[in-house]
Amino acid sequence: MTTSFTSNATSTVELKPVYYIPVVLIIAAIPLLLVQPWVGGIIALFGLFLMFQAVTLRLQFTATNLDIYRGEKLIRRFPYQEWQNWRIFWTSVPILFYFKEVKSIHFLPILFDPKTLKSCLEQRCPKS
């Protein structure tokens with residue numbers, strides 16, 4: 001398993017986690033807890049949930065699939081051949097990753113290095 005980005009699309013690239021979105025949500029929830037406890041609590045819980053996901057999940061780009069692991073266990077595999085489209089929303093401050101497969105649509109918060117994510121997507125699933 002290769003943990004750094006290489007230009008070879010046949011190597012496996014594991015994305016490093018980033019914690020920007022969970023941290024911003026948790027910090028934003030603190031003053032909201034004083035004004036709107038329910039809203040602040042929901043935002044804080046969502047931020048903690050995303051933090052847990054960033055810590056426990058691993059995304060790996062292989063030669064043929066995007067694999068999602070929790071620890072050492074493979075929990076989901078997305079073959080590139082089934083992808084129809086992808087997009088990263090708000091490229092200046094990436095917060096959401098979207099991709100469409102033949103049978104389903106997926107939205108994922110950006111909990112991993114967005115530059116490496118974009119590079120891997122452009123190499124393995126070039127937009128047509």
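Nothing in this text is a laboratory measurement; each read-out follows from the coordinates by a stated rule. Since we're looking at a predicted model, the values are computed, not measured. We place every Cβ from the backbone using ideal geometry, glycine too, and count neighbours over all the protein chains shown.
General remarks:
- When the stretch 91-125 is filtered for residues that are more than 20 Å from Pro79 (Cβ to Cβ) and over 14 Å from the mean Cα position of the chain (by Cα), only Ser92 remains.
- Within the stretch 49-77, considering residues that are of a type in the set (Val, Ile, Thr) and over 13 Å from the mean Cα position of the chain (by Cα), the one surrounded by the most Cβ atoms within 10 Å (Cβ to Cβ): Thr62
- Test: residue in the stretch 34-44 that is within 24 Å of Thr12 (Cβ to Cβ) and surrounded by fewer than 12 Cβ atoms within 10 Å (Cβ to Cβ): no
- Scan of the stretch 43-53 for residues that are free of Cβ contacts under 8 Å to residues at least 12 places away in the same chain and not aromatic (Phe, Trp, Tyr), ordered by number: Leu45
- Within the stretch 78-128, tally of residues that are free of Cβ contacts under 8 Å to residues at least 40 places away in the same chain, surrounded by 15 or more Cβ atoms within 10 Å (Cβ to Cβ), over 18 Å from Val24 (Cβ atoms) and in contact with a helix residue (DSSP H, G or I) (Cβ under 7 Å, 6 or more places away or on another chain): 1
- A single member of Ile26, Ile30, Ile75 is within 15 Å of Leu108 (Cβ to Cβ) and of a type in the set (A, V, I, L, M), and it is Ile75.
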